[in-house]
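For reference, the structure discussed in these notes is given below.
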Amino acid sequence: MFRSYLKTTFRNLMRNKFYSAINVVGLAIGIMACVLILLYVLSELSYDKFHEREDRIYRVNLFAVLSDDNINQPVTNPPLAAAMQGEIPEVEEAVRISNFEQPVIRHNNDVFNETKWFFADPGFFKVFSASFIYGSPENALTQPNTVVLTETTANRYFGNINPVGKYLTWENDRDFLVTGVIEDYPENSHIKPDFLASFKGSALDKNMEWINNMVYTYFLLEDGYTKDDVDAKLEGLVTKYVGPAVKQAMGVSFEEMLAQGLKYRWYAQPLSEIHFDREVSSGPEPLGNRNYMFIFSIIAVFILLIACINYMNMSTARSSNRAKEVGIKKSLGSNRNSLIAQFLSESIIITFIALILALVFVKLFLPVFNNLIEKQLLLHYFDNFKTIPLLVAFGIAIGIIAGSYPAFFLASFNPVKVMKGVHKSEGSHGKLRSALVIFQLIVSIGLFSGTFVISKQLNFIQNKELGFNKENLVVINKADYLGNRISSFKNELLAQSGIVQITNTSSIPGRILTSSTFYHQTANDSRGMNYLYTDDDFLKTYQVELKEGRFFEEGNQSNVRSVVLNESAIKRLNIEDPIGKKVYEGKKTDETAFTIIGVVKDFHCESLHQEMSALVLFNGRGQNLTVRISGDIQQNMKTIENTWDKFANGQKLDYVFFDEDFGRLYKAEVQTRKIVSIFSALAILIACLGLLALAAFVAEQRTKEIGIRKVNGATISEVLYSLNKDFIKWVAIAFVIAVPGAWYLMNNWLENFAYKTTLSWWIFALAGVLALGIALLTVSWQSWRAATRNPVEALRYE
Amino acid sequence: MIKTTELTKVFRTEEIETSALNKVDLHIQKGEFVAIMGPSGCGKSTLLNIIGLLDNPSGGQYHFDGEEVGNLKERNRTLLRKGNVGFVFQSFNLIDELNVYENVELPLIYLKLKARERKEMVEKVLERMKIAHRKKHFPQQLSGGQQQRVAIARAVVANPKLILADEPTGNLDSKNGLEVMNLLTELNREGTTIVMVTHSLHDSEFAHRVVNLFDGQIITEEVKKQMGEVLL
């Protein structure tokens, strides 16, 4: 029986190549989109699940309310882990991890700027899983200055040999002994180190500052306990250790501060929640975004639905071609169920052809997709025993979704009527077909609008006046390495042509800024604000405008006790006539008093997701040098590099272009725009294929009518209009339905930004016009052919 | 009214070239009723289509109402055809989705007449064709004779100068066939020129003149009666 189904299916496919190609290619693209998005979603949902003790691993986060600032961060202080291990019996193992160093690592002549160097306590491998290729988890990190490499990293430095026992040089400073090689951590891990070095002997190992948060603390919960047990005991640790430290630092007792509204709490966060919890600021890897995951999944499902609709529409529209077959089979004794089985098998067979094609597409497109989402997703056919059964089930499901309506429809034909030729495929089925096409158009218009809104917003934030000039800036990282040579480096570099200005700062706009609490001299409550250390040339280099007073001046002794605030900081502290007034940092004592010497106009130090941040500028040094250049970039980079090499004792120049660095703030949006626009294009492509086929079908079906109309005096344009009229109507209906939904969704999306573009009416109009244009173009190709045909041909063989 | 000189029509497919009409000289006067006869594939319908401005000849000349129309673009042919030529087909060629009234109204719509005018004209012609009581019906609900009356109504509703009938009785029984022929004769008496392709000797008796076509050429013409006799 199945053989006969197979045969009829293939014959039908071959007989109607045009329609078959549209069905198969459309379904294949739809399935490809689904598979890609599914891979992405599965990867996101399986974050950190590969750790054997995954259900017992927790991270300690800090929740604090300081003055009017809320803090919810994964970073805690260095002594916490040891205290937990010693004082909380439910904690089996507590380990610290830190990845805040980005060292230059050398081996022989290889020099690399490393970004994924982690320090970890020896207990790391008791908590987290790792597959050792060389070395063993028990003693890999027990000694100071030892390091475990991932496989890829080991290959990068040592090639294919066992590197255990060899050394890597850290920042020209000390040597690390390689004690092990582990398999790379998978894509779906929120900790992805290239190096795991022993915390012992690191600068933070012996640090006992309880209010200085700079490491991650993870712990393994004893079997049989819950996180609440630990949370309760963490509260005790706050009182025991943080209290006295606060008193010592601020001069106010912890109890008093609590009474004033301070909150300070440690809590355990399960490993499985880390990737998606956007309440907590991000850890070593960027957080996942459930919203985007949801949006992409919806788009993928829509694309697949559009393809399925094409299949349904084509099958029912062309049903008259199959009607005779149904009639004959029925009159020969076939019953309805076996006919349904036949047509369902047929759609499943077609889906499988599409599925195979889709897997070819996935193979071709996956690298591009990976590039887009900056992940390394893989489709394992054989590594995972579930993959192939899942794909088969997927194929059958789609076959049934796409095929069931046509199957029931076809199988319901009355054999007598069909064989007499009175069969008509229109009527209510024509209406359903219109509804399905309208649905496709709604999705298309919605996706168009979405793409436009995202693009408009991105344009808006990328071109918004930031309050400084982000062009032509080169940022040198780790410039603190130059130490005292920094001013001579600056002077020498400034003397060269093409170098306009240089400033030394503790951070740069767009990166994480440090924050502290500040008091105005007349107020008793503090405000949390960001601060930045800069030298005298900050304003000139970044081209920030001074509003009143003055900026730091070279050689002025008072600089040390002076601050410059931005307008928002003045507002936040509520200071009138700020010049000459005092602010205090941390606590109100003489040592912490600074005089306001100037106010700068507001400039954006953070992404435009956030409101303008209040900023305090201190005079001082930091690790970044920002160089304003003019003219040829390559020439200037050579100048900077040459000068750097003269001063840096072999330390490698580590630089970025400011605008690129700053642009990373909108990485998620840039990615979303790419993904949404590509998938929109796919959706519209498939919808167009469907329209094309439908238009061809309609034109074919109306051949006689067109002939008659032309004989009776209809011109080509009148015929075109009568053929396209329905499609225009469908676009109009789809537009009316799509716009409110798209408006609502995009309005919600824009809520993510403090600075947002307007949802102009023309975005939606453009989406509608574009959909209409594409639909008409697609349809008119067929309509034109029908309308220009000589009516004689249409009527000749009646 | 119609004058063709060495009218030729060649159909080309990839492999063969068929000559459907070969230097046909035909002159039809205003008010004449001409029957074109001949075996299948002799070019009758092709000739009718060219006369009806549905198709262009491959060669020769065609004067319609004194105007050379053999090389007109489709657009101009349509303009000229509108309101001037009415067609009646063997298979009626009514639009299934439109009812009787709407089918008859069709040419008037393309003539861009106002709704009120259209209504008047359609009602009048339906009355005349004795089909007014069926105006809300769809073609499938009518008998063959009724359908052909609707088709004739549609052909004449715009008062064309010329009616072209392609085997108008071919799908009808003799009673309905006779009725159709009587209708055509009546229209001819009122001054409409009629060119009819037919297989039926009986039908050809209604014409003034019979043109016999064979292999794309006119082989004989016989005059059945004088126009004057008919016009009286």
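The values are calculated or read from the model by the stated rules, or taken from the named source; none is laboratory data. Note that the structure is predicted; figures quoted are calculated from it, not measured. Every residue, glycine as well, gets a Cβ built from its backbone with ideal geometry; the counts of neighbours run over all protein chains shown. SASA here: full protein model, heavy atoms, side chains in, ligands and nucleic acids out. Shrake-Rupley method; radii C 1.70, N 1.55, O 1.52, S 1.80 Å.
For residue B:11, the conditions (1) within 14 Å of chain A (Cβ to nearest Cβ); (2) under 28 Å from residue B:154 (Cβ atoms); (3) hydrophobic (A, V, I, L, M, F, W, C) all hold with the exception of (2). Can you confirm whether residue B:45 is within 12 Å of the chain's Cα centre (by Cα) and open to solvent by 20 Å² or more (accessible area, probe 1.4 Å)? Yes; evaluated as a whole, the condition is true for this residue. Of the residues examined, residue A:606 is one that is in contact with a Leu (Cβ under 8 Å, 6 or more places away or on another chain), open to solvent by 10 Å² or more (accessible area, probe 1.4 Å) and more than 29 Å from residue A:492 (Cβ to Cβ). Remark: residue A:698 matches the filter, which requires a residue to be at pLDDT below 90, within 14 Å of another protein chain (Cβ to nearest Cβ) and part of a helix (DSSP H, G or I). From the list A:784, A:743, A:762, the lone residue that is within 14 Å of another protein chain (Cβ to nearest Cβ) and either under 30 Å from residue B:56 (Cα atoms) or open to solvent by 30 Å² or more (accessible area, probe 1.4 Å) (or both) is A:784.
Can you tell me which residue within the stretch A:493-510, out of those that are of a type outside the set (S, T, N, Q) and loosely packed, with under 15 Cβ neighbours inside 10 Å, is nearest to residue A:281 (Cα to Cα)? Per the criteria, the residue is A:494. Go through A:96, A:106 for me and flag whichever is outside the structural domain of residue A:358 (by TED's automatic domain parsing), in contact with a Ser or Thr (Cβ under 8 Å, 6 or more places away or on another chain), open to solvent by 10 Å² or more (accessible area, probe 1.4 Å) and within 30 Å of residue A:225 (Cα to Cα). Just one listed residue meets the conditions, A:96.
So that you can scan it fast, the table gives a plain yes or no per residue for (1) in the same structural domain as residue A:518 (by TED's automatic domain parsing); (2) open to solvent by less than 80 Å² (accessible area, probe 1.4 Å); (3) in a strand (DSSP E or B):
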| residue | (1), (2), (3) |
| --- | --- |
| A:613 | yes, yes, no |
| A:616 | yes, yes, yes |
| A:621 | yes, no, no |
| A:626 | yes, yes, yes |
| A:631 | yes, yes, no |
| A:636 | yes, yes, no |
| A:639 | yes, yes, no |
| A:644 | yes, yes, no |
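Okay, residues lined up against (1) modelled with pLDDT of 90 or more; (2) at positive phi; (3) in the same structural domain as residue A:216 (by TED's automatic domain parsing); (4) hydrophobic (A, V, I, L, M, F, W, C):
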residue: A:19; (1), (2), (3), (4): no, no, no, no
residue: A:40; (1), (2), (3), (4): no, no, no, no
residue: A:58; (1), (2), (3), (4): yes, no, yes, no
residue: A:69; (1), (2), (3), (4): no, no, yes, no
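Can you find even one residue in the stretch A:301-322 that is modelled with pLDDT of 85 or more, in contact with a Cys (Cβ under 9 Å, 6 or more places away or on another chain), surrounded by fewer than 17 Cβ atoms within 10 Å (Cβ to Cβ) and in the same structural domain as residue A:40 (by TED's automatic domain parsing)? Yes - at least one qualifying residue is present in the stretch A:301-322. Kindly indicate whether residue B:32 is at pLDDT below 85, touching a strand residue (DSSP E or B) at 6+ places or on another chain (Cβ under 7 Å) and more than 9 Å from every other protein chain (Cβ to nearest Cβ). Taking the combined requirement at face value, the residue does not satisfy it.
Let's see how each residue does on (1) in contact with a helix residue (DSSP H, G or I) (Cβ under 7 Å, 6 or more places away or on another chain); (2) basic (Lys, Arg); (3) farther than 25 Å from residue A:527 by Cβ:
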| position | (1), (2), (3) |
| --- | --- |
| A:212 | no, no, no |
| A:226 | no, no, yes |
| A:235 | no, no, yes |
| A:240 | no, yes, yes |
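Annotation: of all residues in the stretch B:166-203 being within 21 Å of residue B:32 (Cβ to Cβ) and within 13 Å of chain A (Cβ to nearest Cβ), the one that is modelled with the highest pLDDT is B:197. Please go through the stretch B:99-121 and give me each residue that is within 9 Å of another protein chain (Cβ to nearest Cβ) and open to solvent by 20 Å² or more (accessible area, probe 1.4 Å), ordered by number. Within the stretch B:99-121, B:109, B:111 qualify. Note on the stretch A:457-485: residues that are part of a helix (DSSP H, G or I) and buried (at least 19 other Cβ atoms within 10 Å of the Cβ) total 5. Checking B:56, B:76 one by one, the residue that is within 14 Å of another protein chain (Cβ to nearest Cβ), in a loop (DSSP other than H, G, I, E, B) and not basic (Lys, Arg) is B:56 and no other.
Conditions tested, residue by residue: (1) assigned to a helix (DSSP H, G or I); (2) away from every other protein chain (no Cβ under 14 Å); (3) open to solvent by 40 Å² or more (accessible area, probe 1.4 Å); (4) among the hydroxyl-bearing types (Ser, Thr, Tyr).
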residue: A:659; (1), (2), (3), (4): yes, yes, yes, no
residue: A:664; (1), (2), (3), (4): yes, yes, yes, no
residue: A:683; (1), (2), (3), (4): yes, yes, no, no
residue: A:693; (1), (2), (3), (4): yes, yes, no, no
residue: A:726; (1), (2), (3), (4): yes, no, yes, no
residue: A:729; (1), (2), (3), (4): yes, yes, yes, no
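Annotation: residue B:22 fulfils all but one of (1) of a type outside the set (D, E, K, R); (2) within 14 Å of chain A (Cβ to nearest Cβ); (3) open to solvent by less than 60 Å² (accessible area, probe 1.4 Å); the unmet one is (2). Considering each of B:6, B:17 in turn, give the residue that is charged (D, E, K, R) and free of Cβ contacts under 8 Å to residues at least 24 places away in the same chain. Being charged (D, E, K, R) and free of Cβ contacts under 8 Å to residues at least 24 places away in the same chain holds for just one of B:6, B:17, which is B:17. Which condition number in (1) assigned to a loop (DSSP other than H, G, I, E, B); (2) in contact (Cβ under 8 Å) with a residue 40 or more places away in the chain is the one that residue B:164 fails? Looking at each condition in turn, residue B:164 falls short on (1). Against the list (1) within 10 Å of chain A (Cβ to nearest Cβ); (2) out of contact with any Asp or Glu (no Cβ under 8 Å at 6 or more places or on another chain), the condition residue B:51 fails is (1). Within the span defined as the stretch A:703-710, every residue fails to be more than 14 Å from chain B (Cβ to nearest Cβ), of a type in the set (Gly, Ala, Ser) and touching a residue at least 12 places away in the same chain (Cβ under 8 Å). State yes or no: is residue B:131 more than 9 Å from every other protein chain (Cβ to nearest Cβ), within 24 Å of residue B:30 (Cα to Cα) and not acidic (Asp, Glu)? When the stated conditions are applied, residue B:131 does not pass them. Could you check, for the stretch A:168-190, whether at least one of its residues is out of contact with any helix residue (DSSP H, G or I) (no Cβ under 7 Å at 6 or more places or on another chain), open to solvent by less than 30 Å² (accessible area, probe 1.4 Å), in contact (Cβ under 8 Å) with a residue 60 or more places away in the chain and not in a loop (DSSP other than H, G, I, E, B)? Checked against the condition, which is being out of contact with any helix residue (DSSP H, G or I) (no Cβ under 7 Å at 6 or more places or on another chain), open to solvent by less than 30 Å² (accessible area, probe 1.4 Å), in contact (Cβ under 8 Å) with a residue 60 or more places away in the chain and not in a loop (DSSP other than H, G, I, E, B), the stretch A:168-190 yields at least one hit. Within the stretch A:379-413, being outside any helix (DSSP H, G or I) and free of Cβ contacts under 8 Å to residues at least 24 places away in the same chain holds for A:380, A:381, A:382, A:383, A:384, A:385, A:386.
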